[in-house]
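*Asks:* Please find one structure pasted underneath; my questions will follow.
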Amino acid sequence: MKKWGFIVLLTIVVLGVTAVFYRAESGDVNKEKVHLFSPYASSVDIYQITYPSDGLQVKGFLLQPKDIVDKKYPLLVYNRGGNREHGMIRDKTLRYLSSWADKGYVVVTTQYRGNGGSEGVETYGGDDIHDVLNLIKWGEQLPYVNPEQKVAFGYSRGGMMTYLTMKNGISFDAVVVQSGITDMFQFYDQRGSEMKQVLRDIVGDPKVYPERYKSRSVVYWSDKVNSPLLILQGDHDKKVHHTQAEKLVAQLEEQNKEYKYVLYKGGDHPLSNYYNQYNAEIDKWFQRHLVE
């Protein structure tokens, strides 16, 4: 009897340890309140989150309306631009994302692995897509999120990440890509020596590793675009040339995909002179498709 009692006890301990480990991998997210001076401070709560992704602890943010009792809000997934610490989500980005939470979205965003205090190494459209997918899965499970209503917004490199999210089978009610990378070969060729070196360091030389560049370039798998897509682009963008967007637009037209393309005359990479106009476009695009 003592032997069987020991076995039962050992089994309970093992199952308990397994359960704790699984919970840590799949559900444990640490939230820390962020106090930010913002026009939306009275209506929006901001949290820095640390969440599990491929066994790594990755940093991100959650922005939500303060009024969440008995409410269900759509989820907005924001994919940041830049690489490594360049383009990292800082106070300015949080103020901007607060404006969307104030409109009635629960916003989630990631710094990606290797950045902003996250564990791991930057891969610029490699395994770091899992950081987006795992964040979406967590966001959909929040009790005040309607998992049937989901939109995405990607800027620059984040546009590439947004396309990769759809490539991985995630669909949205509506998607917006601003100044987004569609062709990594063209992106490499048209950037200066400094950015070329960054890409060689992170992704590899495109002549040596062409498949890595193709796997990140939606123009090679545009059939995977599975959601209504709004593309915003400036014709004076010196980082992502507007012809990148137009190559994708031609393919979407041929495939009879639902999209809208807006080209801003004189617009730079962040569309600095069109802030109000492009945000109005995004707002209309989201509202139109969330209502349907």
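*Asks:* So with the 1.4 Å probe, I'd like the accessible area per residue for the chain, rounded to whole Å².
*Replies:* That works out to 49 Å² per residue.
*Asks:* On to the next question. Can you list the residues, at least 5 places off or on another chain, whose amide H is less than 5 Å from the amide H of L230, using H built in the peptide plane?
*Replies:* Distant-sequence amide H within range of L230: V175, V176, V177, K260.
*Asks:* Summarise the accessible area of the chain (1.4 Å probe, protein heavy atoms) by the percent that is carbon and sulfur.
*Replies:* Here carbon and sulfur together make up 54 percent of the probe-accessible area.
*Asks:* Can you check what the net charge comes to around L199, using other residues whose Cβ is under 15 Å from the Cβ of L199 (Lys, Arg +1; Asp, Glu -1)?
*Replies:* +2
*Asks:* Holding the Cα-Cα limit at 22 Å, pick out from K66/K260; K71/K224; K196/K239 the pairs that are longer than that.
*Replies:* Distance filter (> 22 Å) returns K66/K260; K71/K224.
*Asks:* Could you give the DSSP H helices of the chain that reach 20 angstrom or more along their long axis (alpha carbon positions) and whose average Kyte-Doolittle hydropathy is no lower than -0.5?
*Replies:* 2-26
*Asks:* Okay, moving on. What is the sum of charges around Q233, taking Lys and Arg as +1, Asp and Glu as -1, for the other residues whose C-beta is under 14 Å from the C-beta of Q233?
*Replies:* -1
*Asks:* Evaluate the chain: find the radius of gyration of its Cα atoms, find its Kirkwood radius, and give the ratio Rg to Rh.
*Replies:* In the chain, Rg relative to Rh is 1.03.
*Asks:* State, in angstrom, two size descriptors of region 164-288 derived from its alpha carbons: Rg to one decimal place and Dmax to the nearest whole number.
*Replies:* Taking only Cα atoms of region 164-288, I get Rg and Dmax of 14.9, 44 Å.
*Asks:* Report the Cα centroid-to-centroid distance between region 119-148 and region 81-114 in angstrom, as an integer.
*Replies:* 13 Å
*Asks:* Let me ask something else. Solvent-accessible area of H269, probe 1.4 Å, all protein chains present, reported in Å² to the nearest ten, please.
*Replies:* Near enough 20 Å² of accessible area.
*Asks:* Put H86, H289 in order of accessible area, largest first, 1.4 Å probe: what do you get?
*Replies:* H86, H289
*Asks:* Dipole of the chain, Cα-centred, from +1 at each Lys and Arg C-beta and -1 at each Asp and Glu C-beta, to the nearest 20 debye?
*Replies:* So the dipole magnitude of the chain works out to roughly 460 debye.
*Asks:* With N set to the residue count of region 39-111, report its C-alpha Rg divided by 2.2 N^0.38 Å to two decimal places.
*Replies:* 1.13
*Asks:* Before rounding to the nearest 500, sum -39500 (n - 2.57) across all DSSP H runs of length at least 4 in the chain and divide by the residue total; then give [θ] at 222 nm in deg cm²/dmol.
*Replies:* Taking each H run of at least 4 residues, the total per residue is -12000 deg cm²/dmol.
*Asks:* Can you order the peptides 65-76, 44-55 by their average number of other Cβ atoms within 10 Å per residue, highest first?
*Replies:* 44-55, 65-76
The values are calculated or read from the model by the stated rules, or taken from the named source; none is laboratory data. Just so it is clear, the model here is predicted, and its values are computed rather than measured. Virtual Cβ from ideal backbone geometry, glycine too; neighbours counted across all protein chains shown. The accessibility values were calculated without ligands, DNA or RNA, using every heavy atom of the protein model including side chains. Shrake-Rupley method; radii C 1.70, N 1.55, O 1.52, S 1.80 Å.
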